[in-house]
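Asker: First, the structure itself, so that you have it in front of you.
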Amino acid sequence: MQEEEYMKLALSMAIAAKGQTSPNPLVGVVIVKDGFIVGTGAHFKAGTPHAEIHAIQAAGEQAFGADIFVTLEPCSHFGQTAPCADAIIQAGIKRVYIASLDPNPLVAGKGIKKLRKAGIEVETGLLEKEAVELNQPFFHFIKNKQPFVTIKAATSLDGKIAAATGDSKWITSPESRRDVHQLRHEHDAILVGIHTIIQDNPRLTTRLPQGGKNPIRIILDTHLRIPLEANVLTDQAVKTIIYTGKDADSDKMRKISNEFVEVVQLVSNVISIEDVLKDLGDRNIMTLLVEGGSEIHASFIEENAFQQLIFYMAPKIIGGKQAIPCVGGSGAQLVEQANELEFIDVNQVGSDIKIAARPRRK
Ligand SMILES: Nc1c(/N=C/[C@@H](O)[C@H](O)[C@H](O)COP(=O)(O)O)[nH]c(=O)[nH]c1=O
């Protein structure tokens, strides 16, 4: 195997833990001694050992004089665990390959300096693009202290998310819907508007055959219209946070609040996406999946408050002037004012196509 192959293996292990490590990054490690893989590791959950520690433990004596491939610069500060740079030095590693540098300005380069001072060879930049792509959410969160937002929509070929009657079950295939549950597992929180709650009474939980993590449920409900019997209030499957406006009924707020349901009253009567994202950032929510509906999509898009957009498009035509469009609101008055994106990825899921896009980079 060449160096790139070892780093690819480390990247594949990092991505396997997607959704588990928040608010920490995804990290994968491979240790190689005389052409043999003697240790591997990934970071599985915040507060548990880092990837380097797992790999060094697996390598044991073989770590001495070995090469280590790390997808993110080893930490050099005492967080919840001892610094990985020190562990690498103590293990007697000879050479370190690093794919991407730590984005935290307080930390960037410190790990490398420590390693080089200890006489260890350090090479950076191997598969850097892939490693940075993998931790986009983490890098965004560190920089902005707000969640990395992915808008998800399921639409017909003519861009509808529901018929004029409001009916929407189901537009996309079972395979797409399962893919959406994988997305939910990978996100810290999922957000919908009150219209979706009233229309669909969704559970918004992760229901994968193999299990998975339920994202915290975020409901935007300016006038606190949420029905008392809504699933997100009664199923106690996972925490639900409702953002409401300053005129919301305080009796109802008290009535629905409990250990599973928190109501956050904002000072304004129109819910500001910016305020919600700031509050979610303060709660260490690193990734947010916005599942709609069309007015919510419009709010996030009009405020450019999203970093990625995933559309599942079914080979169906719903039609109808009154049918619900994927993005509501008042929309661009001129095509040249349309929100410019760039496609990241397009692939087939079941009978649908899954399109990933992001705001066009300047
Ligand atoms: N109508 C469709 C969707 N609809 C998405 C939302 O409108 C639903 O309320 C939400 O997924 C229900 O969540 P649940 O109760 O946890 O299952 N989403 C999809 O991917 N395909 C669709 O065809």
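The values are calculated or read from the model by the stated rules, or taken from the named source; none is laboratory data. A quick note: this is a predicted structure, and the numbers were derived from the prediction, not measured. For neighbour counting, all protein chains shown are included, and Cβ atoms are generated from backbone atoms with ideal geometry for every residue, glycine included. Accessible surface is based on the protein model in full, side chains and every heavy atom, while ligands, DNA and RNA are left aside. Shrake-Rupley method; radii C 1.70, N 1.55, O 1.52, S 1.80 Å.
Asker: What's the Kirkwood radius of the chain in Å, using all Cα pairs?
Answerer: Kirkwood radius, the chain: 22.2 Å.
Asker: Taking only Cα atoms of the stretch 10-139, what ratio of Rg to Rh do you get with Rh as the Kirkwood inverse-distance radius?
Answerer: Ratio of gyration radius to Kirkwood radius for the stretch 10-139: 0.92.
Asker: If the chain between E303 and S351 were fully stretched, how many nm would it gain, using 0.36 nm times the residue separation less the Cα-Cα distance?
Answerer: 14.0 nm
Asker: Still on this structure, please answer the following. Per residue, what volume in Å³ does the convex hull of the Cα atoms of the stretch 65-149 enclose?
Answerer: 90 Å³
Asker: Further question on the same structure: Measure off, as a whole percent, the carbon and sulfur share of the 1.4 Å-probe accessible area of the stretch 83-165, all protein chains present.
Answerer: 56 percent
Asker: Just for the stretch 1-145, what percent of DSSP beta bridges are antiparallel, to the closest 5?
Answerer: Among the beta bridges of the stretch 1-145, antiparallel pairing accounts for roughly 55 percent.
Asker: With both bridge residues required to lie in the stretch 231-362, what share of the DSSP beta bridges run antiparallel, to the nearest 5%?
Answerer: If we restrict to bridges inside the stretch 231-362, about 70 percent are antiparallel.
Asker: Expressed as a whole number of Å, what is the distance separating the alpha-carbon centroids of the stretch 174-226 and the stretch 96-162?
Answerer: Between the Cα centres of the stretch 96-162 and the stretch 174-226 lies a distance of 26 Å.
Asker: Then there is this: Please give the FRET efficiency for E4 paired with D249, using the beta carbon to beta carbon distance and R0 = 45 Å, rounded to the nearest 0.05.
Answerer: Plugging the Cβ-Cβ distance into 1/(1 + (r/R0)^6) gives 0.15.
Asker: From a point 7 Å beyond the Cα of L157 in the direction of its Cβ, which residues of the stretch 343-362 have a backbone N at a distance under 20 Å?
Answerer: Those under the cut-off are 346-356.
Asker: Taking each pair of distinct Cα atoms in the stretch 177-312 once, what is the resulting Kirkwood hydrodynamic radius in Å?
Answerer: 15.1 Å
Asker: Output the peptides 288-298, 208-218 sorted from most to least packed, where packing is the average of other Cβ atoms within 10 Å over each peptide's residues.
Answerer: Answer by packing, highest mean first, reads 288-298, 208-218.
Asker: Ranking request for peptides 275-286, 48-59: highest mean number of other beta-carbon atoms within 10 Å first, then the rest in descending order.
Answerer: 48-59, 275-286
Asker: Count the DSSP beta bridges whose two residues both fall in the chain, then state the antiparallel fraction as a percent rounded to the nearest 5.
Answerer: Bridges in the chain are about 40 percent antiparallel.
Asker: Assuming 0.692 mPa s and 37 °C, estimate D for the stretch 219-264 with Stokes-Einstein, Rh taken as the Kirkwood radius over Cα pairs, in µm²/s.
Answerer: 313 µm²/s
Asker: Evaluate the relative contact order of the chain (contact order divided by residue number), counting alpha-carbon pairs under 8 angstrom at least 6 apart; express in whole percent.
Answerer: 15 percent
Asker: Using +1 on the beta carbon of Lys and Arg, -1 on that of Asp and Glu, and nothing else charged, what's the dipole of the chain about the Cα centre, debye to 20?
Answerer: 280 debye
Asker: Next question, about the same structure. V267 versus S330, label points 7 Å from Cα toward the beta carbon: distance in nm?
Answerer: In this crude spin-label approximation the distance works out to 2.6 nm.
Asker: Please go through the residue pairs K169/K213; K278/K316; K114/K362; K129/K239; K152/K321 and name each one whose alpha carbons sit more than 31 Å apart in this structure.
Answerer: From the list (K169/K213; K278/K316; K114/K362; K129/K239; K152/K321), the Cα-Cα distance tops 31 Å for K278/K316; K114/K362; K129/K239.
Asker: Need one number: nm distance between label points at Q136 and S12, each 7 Å from Cα along Cα→Cβ, rounded to one decimal.
Answerer: About 2.2 nm separates the two model spin labels.
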